[in-house]
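Right, one structure below, let's go through it.
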Amino acid sequence: MDDAATLDASQRRSLTQRRTVDISSPFERLYYYKRHGLPVPTVEPESTFTTDILPPCVYTSRNRVVNMPNKFTHLSSNKVKHIIPAIRWTPEGRRLVVGTYSGEFSLWNGSSFNFESIMQAHDTAVTTMEYSHAGDWMISGDTDGTIKIWQPNFNMVKELDKAHTECIRDISFSHNDSKFVTCSDDNILKIWNFSNGQQERVLSGHHWDVKSCDWHPHMGLITSASKDNLVKLWDPRSGQCVSTLLKFKHTVLKTKFQPTQGNLMVAISKDKSCRVFDIRQSMKELMVTRDEVDYMTLLWHPINETMFTVACYDGSLKNFDLLQDTEGPTHTIPYAHDKCITSLSYNPVGHILASASKDRTIRFWTRARPYDPNAFDDPTYNNRKVNAWFFGINNGINAVREKSEYGAAPPTNGTDGLGSTMVNSANLPKVDASLKASNLPGLSI
């Protein structure tokens, strides 16, 4: 008898593949090209050009579409499943830090996506995390208003108890990491001195919960978004509001400066609009787009300065590129998650996007191959989420089971794009015409 017939359930489980993303090989090829003065190969939409794909930093002007994370790679979830409010990649991009609703930090490998460790970090839900620009420190906040400062090895060095009276919503470092700003549901923002952990300024002016804040990557400028429908710009030296944007008609959920140049600012609101402003031209609107579903969070691409990703309430992901289209998203993943997406995080290299959702899972998205005929047959595009679809081999276990039962693989007439068997209707057994519908099981009246 065939060996496959003797496989038990545990052995069958080992047949499922685990995708691995290795970014070291493209960097080695890039080093080879630069050392020998060779031109960077052009990527064409053909499968043989897959080996020519180089790191994201190469595609800043041409072939920008290569850097768009539109290919589902892996799904990860803790054994004890909780809602995931915040995720962040470590500065070197080797691991993903996941903050859960139970106050835990869990670490996931950034290349093979397997679980590494877990620790209890806060007494209540972790709502936000942020690494310093130098990567030496991480700050986290929770629903009690407590701030904790961590070393890269997750040794806690300082706790700011009751830094805010309500839930902390966002944290952002200044460009030189000497200060950081926090915002909370208590309607105010606070600027802290990082070296001694002392409060320096209180930015008051919002009339409701402050949902987001961000420090400009080069200048002394802070932006904040609030439930009072306002986006405000602050001078951190004086603590005064220097500008207020009245463009939104509902709660502004997120606002972010462009992380590379800092010339643009994007904001999303519950009025289903996404707006991009140019701070060099008196906050001129470069893009205004509206959708039928609420936007929840957004994130700029770390390499391409005009690309950003917006996550939606219905679980979809929308990728924008201002150089390609200013009327709407350049690419959409309609069924990225089963529920509302809560957090996004790009790998510092720019080749992987991680998303967390209220469906209690983390999903990893990578750059697609130059040509993939089955790219849009993926369940995240057609919503055919059956069996272990997230392994990418929906019928692999079933095929082994059938092979073990029959001693050989069952004959097929062809396969569709998902790898499932297509049966020719001409080969189906005929139904006896004498049988009435009332005699068939499940069809009796």
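Below is a table of values for the structure above.
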{"quantity": "Filter result (under 27 Å from Gln199 (Cβ atoms), open to solvent by less than 60 Å² (accessible area, probe 1.4 Å) and not basic (Lys, Arg)) within segment 239-256", "calculated": "Gly239, Cys241, Ser243, Thr244, Leu245, Thr251, Val252, Leu253, Thr255"}
{"quantity": "Residue list for segment 280-293, restricted to those being open to solvent by 40 Å² or more (accessible area, probe 1.4 Å) and not hydroxyl-bearing (Ser, Thr, Tyr)", "calculated": "Arg280, Gln281, Lys284, Glu285, Leu286, Val288, Arg290, Asp291, Glu292"}
{"quantity": "Enumerated strands (runs of 3 or more DSSP E) restricted to segment 327-374, each holding at least 2 residues that are among the aliphatic types (A, V, I, L, M)", "calculated": "341-346, 352-357"}
{"quantity": "Of all residues in segment 294-313 being over 20 Å from Ile341 (Cβ atoms) and either modelled with pLDDT of 95 or more or open to solvent by 10 Å² or more (accessible area, probe 1.4 Å) (or both), the one that is nearest to the chain's Cα centre (by Cα)", "calculated": "Ile303"}
{"quantity": "Leading residue by the ranking (surrounded by the most Cβ atoms within 10 Å (Cβ to Cβ)) among those in segment 143-159 that are in a strand (DSSP E or B) and among the hydrophobic types (A, V, I, L, M, F, W, C)", "calculated": "Ile147"}
{"quantity": "Complete set of residues in segment 98-142 that are open to solvent by 30 Å² or more (accessible area, probe 1.4 Å), within 17 Å of Ser357 (Cα to Cα) and not in a strand (DSSP E or B)", "calculated": "Tyr101, Ser102"}
{"quantity": "Selected residue (criterion: nearest to the chain's Cα centre (by Cα)) from residues of segment 180-215 that are open to solvent by 20 Å² or more (accessible area, probe 1.4 Å) and among the β-branched types (Val, Ile, Thr)", "calculated": "Ile188"}
{"quantity": "Test: residue in segment 160-170 that is open to solvent by 60 Å² or more (accessible area, probe 1.4 Å), at pLDDT below 95 and either at positive phi or in a strand (DSSP E or B) (or both)", "calculated": "yes"}
{"quantity": "Number of the condition not met by Ala354 [criteria: (1) more than 19 Å from Ser224 (Cα to Cα); (2) modelled with pLDDT of 90 or more; (3) out of contact with any helix residue (DSSP H, G or I) (no Cβ under 6 Å at 6 or more places or on another chain); (4) surrounded by fewer than 23 Cβ atoms within 10 Å (Cβ to Cβ)]", "calculated": "(4)"}
{"quantity": "Residue in segment 185-208 that is of a type in the set (S, T, N, Q), closer than 21 Å to Val276 by Cβ and assigned to a strand (DSSP E or B) present", "calculated": "no"}
{"quantity": "Condition check for Arg367: surrounded by 24 or more Cβ atoms within 10 Å (Cβ to Cβ) and of a type outside the set (Gly, Ala, Ser)", "calculated": "no"}
{"quantity": "Identity of the residue in segment 53-64, in a helix (DSSP H, G or I) and touching a residue at least 60 places away in the same chain (Cβ under 8 Å), that ends up surrounded by the fewest Cβ atoms within 10 Å (Cβ to Cβ)", "calculated": "Cys57"}
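The values are calculated or read from the model by the stated rules, or taken from the named source; none is laboratory data. As the structure is a prediction and not an experimental result, all values here were calculated from the model. Here the Cβ is made from the backbone with ideal geometry for all residues, glycine too, and neighbour counts use every protein chain on show. Note: areas computed on protein heavy atoms with side chains; ligands, DNA, RNA excluded. Shrake-Rupley method; radii C 1.70, N 1.55, O 1.52, S 1.80 Å.
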